[in-house]
Amino acid sequence: MVGSAEEFEGIIMYRRDYRERDQLIKILTDRVGKTMFFVKNVRKRGSRIAADVLPFTDGNYVGVLNREGLSFINTALETHHFYQITQDIVKNAYATYILGLVDSAFADQQQLGGWFHQIKQALTLIDEGFDERIITNIIEIQLLNVFGIAPNWQGCSVCGRNDLPLDYSIKYGGLLCQEHYHLDSYRLHVDQRTIYYLRKFSRLNLDQLTSIEVHEETKKHLRQVIDEIYDDGVGLRLKSKKFIDQLGTWENKLPPLTNDD
């Protein structure tokens, strides 16, 4: 064990069993980004820290934060569990996907800047009942910069105008105005309401979000556009995202409720 113990805030991302009584736990921290912790005897009956390192727990911990290799937890000071996320399969799926995106976007021990707070706020909002699909869309759009895509959401990528109808062009890495639609025959043909939300979400501070209402049809369009950008630009297809897609398929197949249900 290297280094001295220090206090840090962390969000439990996932964990896996290691040996008979121990676990390796990936934690998103406010000090050294995401890093893997070795937690000894956490699976032992009566472990005092077991409940404090469950997935979707946010807390203040004391431990050794190594910039290389495994880190270690000494004790948990105060923890909060995102209870609704763990109880609701849909919320859980989207929250898992968000943490999976963060795990892919940042290297281990990479400083997160303001992203720790943004992810914590996203999970908090989902846990409080905000639409998990829209919260996830916001995180997806803003993480594109971290993935090195950095779309131009301000105006036309050719002339800069934003006073004409706009569309998204993967070829030009951002928006195209109506005057330049002809430059990309494969533009995504996005409706203007969806463009409005894409632009809004790209700069939205989740701390300022007090309510959110988006039409169901627009939610579908947002999902389609963001999927295309990630498939073509990022090349990322997480298992947690595939599960979300399956959830949508299952929900569409469910029979409508009747008065007898």
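The values are calculated or read from the model by the stated rules, or taken from the named source; none is laboratory data. No experiment lies behind these values; they were computed from the predicted model shown. In this analysis, Cβ positions are derived from the backbone assuming ideal geometry, glycine residues included, and neighbour counts consider all displayed protein chains.
A few points about this structure:
- Some residue of the stretch 142-150 being in the same structural domain as Q121 (by TED's automatic domain parsing), at pLDDT 95 or above, surrounded by fewer than 17 Cβ atoms within 10 Å (Cβ to Cβ) and over 26 Å from H117 (Cα atoms): no
- Candidates are the residues of the stretch 38-92 that are under 19 Å from L125 (Cβ atoms) and of a type in the set (D, E); the one that is nearest to the chain's Cα centre (by Cα) is D58.
- Yes/no for V2 being surrounded by 18 or more Cβ atoms within 10 Å (Cβ to Cβ), more than 25 Å from the chain's Cα centre (by Cα) and at pLDDT below 95: no
- Residue count for the stretch 80-102 under the criterion of being buried (at least 16 other Cβ atoms within 10 Å of the Cβ), of a type outside the set (S, T, Y) and either touching a strand residue (DSSP E or B) at 6+ places or on another chain (Cβ under 9 Å) or in a loop (DSSP other than H, G, I, E, B) (or both): the result is 6.
- F37 vs. criteria of a type in the set (F, W, Y), crowded, with 19+ Cβ neighbours inside 10 Å and free of Cβ contacts under 8 Å to residues at least 40 places away in the same chain: yes
- Residues of the stretch 1-25 that turn out to be hydroxyl-bearing (S, T, Y) and part of a loop (DSSP other than H, G, I, E, B), as a count: 1
- Residue in the stretch 213-221 that is over 28 Å from S104 (Cβ atoms), modelled with pLDDT of 95 or more and touching a strand residue (DSSP E or B) at 6+ places or on another chain (Cβ under 7 Å) present: no
- Filtered by the rule that a residue be without any contact (Cβ under 8 Å) to a residue 60 or more places away in the chain and within 30 Å of A107 (Cβ to Cβ), the stretch 143-168 gives L143, N145, V146, G148, A150, N152, W153, Q154, S157.
- For the stretch 1-29, taking the residues that are acidic (D, E) and out of contact with any Asp or Glu (no Cβ under 9 Å at 6 or more places or on another chain), the one that is nearest to H80 (Cα to Cα) is identified as E7.
- Total residues in the stretch 40-64 satisfying the condition of being surrounded by 18 or more Cβ atoms within 10 Å (Cβ to Cβ) and either at pLDDT below 95 or not aliphatic (A, V, I, L, M) (or both): the figure is 9.
- The residue that is nearest to P151 (Cα to Cα), counting only those in the stretch 213-230 that are of a type outside the set (D, E, K, R) and assigned to a loop (DSSP other than H, G, I, E, B), is V214.
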